[in-house]
Amino acid sequence: MNKNSIYKQFSQKLIFATSFFVIVLSFIFYGFTKATIYEEISDDLLEDAKLIVTLAKSRQAHNDLQVLISSDTTIEVITLNTIPRIPLRKYKNKKNYFMEILYPLDKSTNQYIKMKKNINSSHKMLNKIFSNLLFLGIGSLILIIVYALAVSKTLLFPILKITNKLSNMNENSLTKLDVKKLPIEFKPLANSINSLTTRIESYVKYQKELFIGTAHELKTPLAVMKLKSQVTLRKKRDSEKYEEVLNLHIDEIDNMNNIISSILDMGRQEGAQFEKPIELDIIQYLKIKSDNYKLLAKEKNIELKFNTDIENFITIIQPTLLTQIIQNFVQNAIKFTPKNKNILIQTIPNEHSITIEVMDEGIGCPQDIDLFAPFKRVGNEKGAGLGLFLAKSAADTIGGTISLKNRKDGTSGTIATLKLQSNPTCQIN
């Protein structure tokens, strides 16, 4: 089993923790039992010693001494010059175990009663208890291993279920996980996978639309060029007619070049996805970009303004992808805003995010079509219709969200929005 296996690591930790608990519990039980037995023996010896002293003082010791002495206990009266440090002790003599107590009989003469009891039977009983605990421990260890493996398998079942579900998926068959049937601990993982599945579905959908749209966008001008050429070649025409056809061809070729350039931009964007994220101050970045975009807007006599209420907003991001999004917003705003109108770039800060808005005074945008799909165009302005598609793809990569909506402040126009988190998914390596 691989050392990085969760199953192995969890099983080992469970076996170790449970075994440690059983061992500690066994030692506590054995220690408590041993202490209880020895305490019981010492209490009996102490009670017997007190009884002997009482009988001795009443001058009945000789008559009752034989009653108190059992086969495993001996009583002796001794005289000591010093007070014993240990009045009760347990010791071993050869193969026998004894417990001995010294109890004062007459303090004036330093006489003590010395009682010694053979505790071999108690010691054997403790050894038997220890042996039984040892065998029980070995049996428990086997049961713990079986239990740990079974529990580990049970805990891994949701992961195996998710794995089997994912292994049967492909780009043409994407199904979401049933979160309700999974344990609570696995729901965040399942939700993340479902979110990723949704993004993949959207990506595959747009890719199919892109391929179909690309073929259509390239086929249509080629068909027009071919038909126009065939009609022109049916009979001789004057030079102006040929010049008209050639100019038409040039226009169609320019349109196809725009489409091809947009497709190349997609390839460059995929390369930019691997760009190393950097720590970037969004406010300072927008100030610099706004100054550059003012020159483009000025060519159409459009005034571009930048407004913010905060001094800085630091995040970790791939700057090339951010530039592509903001540049697309501004280019569309300039394209659809009439002369002598205004464009406003502004920021709306929140606790953990910032919203960047590009607001124009153009014709607005239709709300009934998906403008982020490839080859979707608005109005009569020229373009390949891939700009917003690329912007959305870039936003998904940097963990942002973009949207388009019409203005509701009494002025016609569109508001393009990009929302960025202060702690995005990309991190500095």
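The values are calculated or read from the model by the stated rules, or taken from the named source; none is laboratory data. No experiment lies behind these values; they were computed from the predicted model shown. Cβ sites come from the backbone with ideal geometry, for glycine too, and all protein chains shown count toward neighbours.
Restricting segment 366-375 to residues that are under 39 Å from the mean Cα position of the chain (by Cα) and closer than 17 Å to ILE402 by Cβ, the residue that is surrounded by the most Cβ atoms within 10 Å (Cβ to Cβ) is PRO374. Within segment 158-193, the residues that satisfy the criterion of being within 19 Å of the chain's Cα centre (by Cα) and loosely packed, with under 12 Cβ neighbours inside 10 Å are LEU160, THR163, PRO183, ILE184, GLU185, PRO188, SER192.
Do we have ILE142 as crowded, with 17+ Cβ neighbours inside 10 Å and either touching a Lys or Arg at 6+ places or on another chain (Cβ under 8 Å) or not aromatic (Phe, Trp, Tyr) (or both) here? Considered against the rule, which asks whether it is crowded, with 17+ Cβ neighbours inside 10 Å and either touching a Lys or Arg at 6+ places or on another chain (Cβ under 8 Å) or not aromatic (Phe, Trp, Tyr) (or both), ILE142 comes out as no. Identify, please: which residue in segment 355-374 is part of a loop (DSSP other than H, G, I, E, B) and among the aliphatic types (A, V, I, L, M) and is, among those, nearest to THR337 (Cα to Cα)? Ranking the candidates gives ILE363 first. What about LYS187, is it modelled with pLDDT under 80, part of a helix (DSSP H, G or I) and closer than 26 Å to LYS8 by Cα? No: the conditions fail for LYS187.
Of the residues making up segment 346-362, not a single one is crowded, with 16+ Cβ neighbours inside 10 Å, modelled with pLDDT under 85 and farther than 19 Å from ILE260 by Cβ. Of all residues in segment 122-133, at least one satisfies being surrounded by 14 or more Cβ atoms within 10 Å (Cβ to Cβ) and either in contact with a strand residue (DSSP E or B) (Cβ under 6 Å, 6 or more places away or on another chain) or part of a loop (DSSP other than H, G, I, E, B) (or both). Only one of the numbered conditions (1) of a type outside the set (S, T, N, Q); (2) at pLDDT 75 or above; (3) under 60 Å from the mean Cα position of the chain (by Cα) is not met by LEU246, and that is (3).
Scanning segment 289-330 for residues that are crowded, with 16+ Cβ neighbours inside 10 Å and either within 16 Å of SER422 (Cα to Cα) or small (Gly, Ala, Ser) (or both) gives SER290, ALA297, PHE313, THR315, ILE316, ILE317, GLN318, LEU322.
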